[in-house]
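*Asks:* Here you go, one structure.
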Amino acid sequence: MERRKLVILTQYFPPEMGAPQSRLFETASGLVKLGWQVEVITAMLTKREWIGLSSDYDLFINTTNFDNTPVSVIEAMALGLPVVSTNVGGVPYLIENGVNGCLIEKTNVEDMFHSLSSILDNQSFAETLSRDARKKAEKFDWEHIKPLWLKVFEETQ
C-alpha cells in the first residue's frame, strides 16, 4: 500500500484550550493508525518553506473552529493541494463542497475521514478538486484584484 502523506497546518492552541487541539490530534492519530504519515505544523512558515513542504504531501486539512478568509487555504489551493476544511466563518466563500475542496462540520471526525478517503481513493476526483481550487485561488492574484479595487475607488469619487 502506498504511504499517504498529509500535512496539517494549524494555529497552536495551549492545552488549557482543550477541544480544538484535542480534535486535531484525534484526527491525526486516527490517520496514523490507518498507515498515513501525518505532520502537524503549528509554526509560521516562510513562503519558500511552505512551497517546499507542499510538494511532499497529498492533502491539506484546515481544522479551524473560526476563521474569516484563511490565507493558508488559498495558498494550499494555489499549490494544487486538495483541501478539506471545517465549514466555518468565511471558508465556504473559498470552498464549494465537492467542487474545489471538501467542507465538513467542525465536530464531525467521521466526515473528515470520509472526505480524506474519497480524495485519496479517487485520483480523478483529487485532480478535479486541485484544478478547480487552483482556478479559484487565481482569482486572488493581485493582477485580478487590482482592477476591481480601482473600479471601487473610481465609483466612490
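*Asks:* Can you give me the orientation-averaged projected area of the convex hull built on the Cα atoms of segment 5-156, in nm²?
*Replies:* Spelled out: convex hull of the Cα atoms, projected over all directions, averaged, 10.0 nm².
*Asks:* Let me ask something else. Relative contact order of segment 35-123: what whole-number percent is it, with Cα pairs under 8 angstrom and at least 6 residues apart?
*Replies:* About 23 percent, as a whole number.
*Asks:* While we're here: How much of the calculated P(r) for segment 114-155 lies past 17 Å, in percent of all Cα pairs?
*Replies:* Tail of P(r) above 17 Å: 52 percent of Cα pairs.
*Asks:* Given the pairs Lys33/Lys135; Lys5/Lys106; Lys5/Lys33; Lys5/Lys139; Lys106/Lys139, which span a C-alpha to C-alpha distance of over 24 angstrom in this model?
*Replies:* Lys33/Lys135; Lys5/Lys139; Lys106/Lys139
*Asks:* About the Cα centre, and with charges only on the beta carbon of Lys, Arg (+1) and Asp, Glu (-1), how big is the dipole of segment 5-156? Nearest 20 debye, please.
*Replies:* Here the size comes out at about 180 debye.
*Asks:* What distance in nm separates the two pseudo spin-label positions at Arg131 and Glu26, each 7 Å out from Cα along the beta-carbon direction?
*Replies:* Result: 3.7 nm between the two label points.
We did not get these values from a lab; they are worked out from the coordinates using the rules stated. Only a predicted model underlies this, so the values are computations on that prediction, with no experimental measurement involved. So basically every Cβ, Gly included, is an ideal-geometry build from the backbone, and we count neighbours across all protein chains shown.
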